[in-house]
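Attaching a single structure in structure tokens format; questions to follow.
Every read-out reported here was derived from the displayed coordinates using simple, explicitly stated rules and does not represent laboratory data. Quantities reported herein were computed from a predicted structural model and do not represent experimental measurements. Note that we place each Cβ from the backbone using ideal geometry, even for glycine, and neighbour counts take in every protein chain shown.
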Amino acid sequence: MVKWKKETILAQLKANTVAIISLITALTGLSYNSWRDHQNEMNHNMRNAAFEVLKELGDLQTVVNYAHYVKDQSRGNPVDGWGHVVLIRDVSRLLTPVASAQGQRLYVTWQQDWEGLDDDVASETRISDEIALTRKAVLDTIDSLN
């Protein structure tokens, strides 16, 4: 068994200082690059999801407006609204917890109020308010990305 003396170890460290520092620098750089790539991918995915939710929110608001104000069943068909609401709820789960919870609240509000959309002012107001709150939560998510 080889017994290492303190002087031998110190001599080896002095002789290989540059190599040790280079190894530590390489490992640190690799770790940082891996972390940064992961962050960039997460931000990219969240940004794409956020834009998709914003697009669907606009389409849902159009359905609400045509159903309530214009009474146009072809462009304001609440059944079409279901597709938008479900997609908003599902895609918002890819965003922050606040945006995800708001997407779920929009879904619940739609579920409760869609039938009265054409003639009930309170139903239209609740749905439009939830759309606005969801839009704000999504925009806050975009603003928080680094």
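Roughly what angle does helix 17-65 make with the longest principal axis of the chain, taking Cα atoms, 0 to 90 degrees, to the nearest 10?
For helix 17-65, the angle is close to 0 degrees.
Would you work out the charge dipole size for the chain about its Cα centre, treating the Cβ of every Lys and Arg as +1 and the Cβ of every Asp and Glu as -1, and quote it to the nearest 20 debye?
Here the size comes out at about 1560 debye.
So which lysines can Lys71 reach, going by Cα to Cα under 28 Å and dropping same-chain residues fewer than 8 places off?
Partners within reach: Lys55, Lys136.
Calculated from DSSP H runs of 4 or more alone, at -39500 (n - 2.57) each and per residue, what is the 222 nm mean residue ellipticity of the chain, nearest 500?
After summing the helix terms and dividing by residue count, I get -27500 deg cm²/dmol.
Say the dipole of the chain comes from +1 at the beta carbon of Lys and Arg and -1 at that of Asp and Glu; which of Thr125, Gly83, Ala67 then lies farthest toward its positive end?
Highest projection toward the positive end goes to Gly83.
Please give every one of the lysines within straight-line cross-link reach of Lys6, meaning a C-alpha to C-alpha distance under 30 Å, and leave out same-chain neighbours fewer than 8 residues apart.
Result set, ordered by chain and number: Lys14.
Rounding to the nearest 10 and keeping the result within 0 to 90°, find how far the Cα-based axis of helix 6-15 lies from the longest principal axis of the chain.
In the chain, helix 6-15 runs at an angle near 60 degrees to the longest axis.
Hey, another quick one. Using a simple spin-label model with points 7 Å from Cα along the Cα→Cβ vector, what separation in nm is obtained for Gln39 and Val70?
Output for this residue pair reads 4.5 nm.
Take the chain, connect every pair of alpha-carbon atoms lying under 10 Å apart with a spring to form a Gaussian network, then pick out the residue of Asp118, Asp59, Asp37 with the largest mean-square fluctuation.
Looking only at Asp118, Asp59, Asp37, the biggest GNM fluctuation is shown by Asp37.
Would you mind checking the tilt of helix 97-113 against the longest principal axis of the Cα atoms of the chain, expressed as 0 to 90 degrees and rounded to 10?
20 degrees
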